[in-house]
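Reading through the structure tokens given below for one structure.
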């Protein structure tokens, strides 16, 4: 398994920093410039793990799609249905820049995303209007990402305590405000309160299952690792809160079988110990004058 997984991990890391359509980011420059999030943060520890990122990212999208406005905006204004790999790479790169990129790189990138979101407006099937830069929608998207990455790491890599979860929320406030998510949770308790407030809002949709089908068959992993891709997809469904799974119409069939959870944890912990010099995490450490293996000690 390691012989198959390690090349994929390295390929994934390069894909996040060297998109095929250009716009590569050198996370090792400018030398000495800090990121929006400090190097000793919980965020830097979590985001270095590609398994947690993949699983948590899928979980976040499932949660986002529970909100009809977010779901309609993404589905009507995104290239995901036509080119899911490209879309996932661009989204992954944005996350990497937000966490590991120098402030002089992250700031302009976020401003660019905000300008793009200004154009995302429309009418939902029910007749209500939506706008991507609506503070409530931005807050939900930010919160679902934080929840997805935290739960994926805690479930499949290493447990997170309450203080670490609270710290993760605080670490995300700076970027959240830059994106326009001014009401983003500042603690895990606030995160849970936000989720509870969505009980009357979240709903199921065939789009949720279309999304899962696209990710299940998209060439994200090399062919020998496609079974792992499908396994991690089920791992993402597994950590969606139970009441939301029911609301979305997701059954036990979409989640993990009993024997699969230890396997996902094995892969997640393996990925957490592998130093990939092409990864944004390692490059960012080098930028700050830290040892390349600083996050892996």
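Summary table below
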item: Region 102-255 shape via C-alpha gyration tensor axes, a/c threshold 1.5; result: rounded
item: Neighbour-count ranking [beta-carbon atoms within 10 angstrom, fewest first] of 270, 124, 223; result: 223, 124, 270
item: Stokes-Einstein D (µm²/s) once Rh is taken as the Kirkwood radius of the chain over alpha-carbon pairs, at 10 °C in 1.306 mPa s; result: 82 µm²/s
item: Cα-based convex hull volume of region 175-297 per residue, rounded to whole Å³; result: 181 Å³
item: Within a Gaussian network of the chain (alpha carbon springs, distance under 10 Å), most fluctuating of 143, 95, 235; result: 95
item: Length-normalised contact order for region 147-297 - Cα pairs under 8 Å, 6+ apart - percent; result: 23 percent
item: Region 107-147 pair-distance distribution - Cα-Cα, 10 Å bins, rounded %; result: 26, 48, 24, 2
item: Region 78-167: proportion of alpha-carbon pairs further apart than 19 angstrom, %; result: 57 percent
item: Ordering of 129-136, 152-159 by packing [mean C-beta count within 10 Å, highest first]; result: 152-159, 129-136
item: Relative counts (whole %) of C-alpha pair distances in region 77-121, using bins that are 10 Å wide; result: 26, 47, 26, 1
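Every number in this text was worked out from the coordinates using simple rules, so none of it is lab data. In this text, all values refer to a predicted model and were calculated from it rather than measured experimentally. For neighbour counting, all protein chains shown are included, and Cβ atoms are generated from backbone atoms with ideal geometry for every residue, glycine included.
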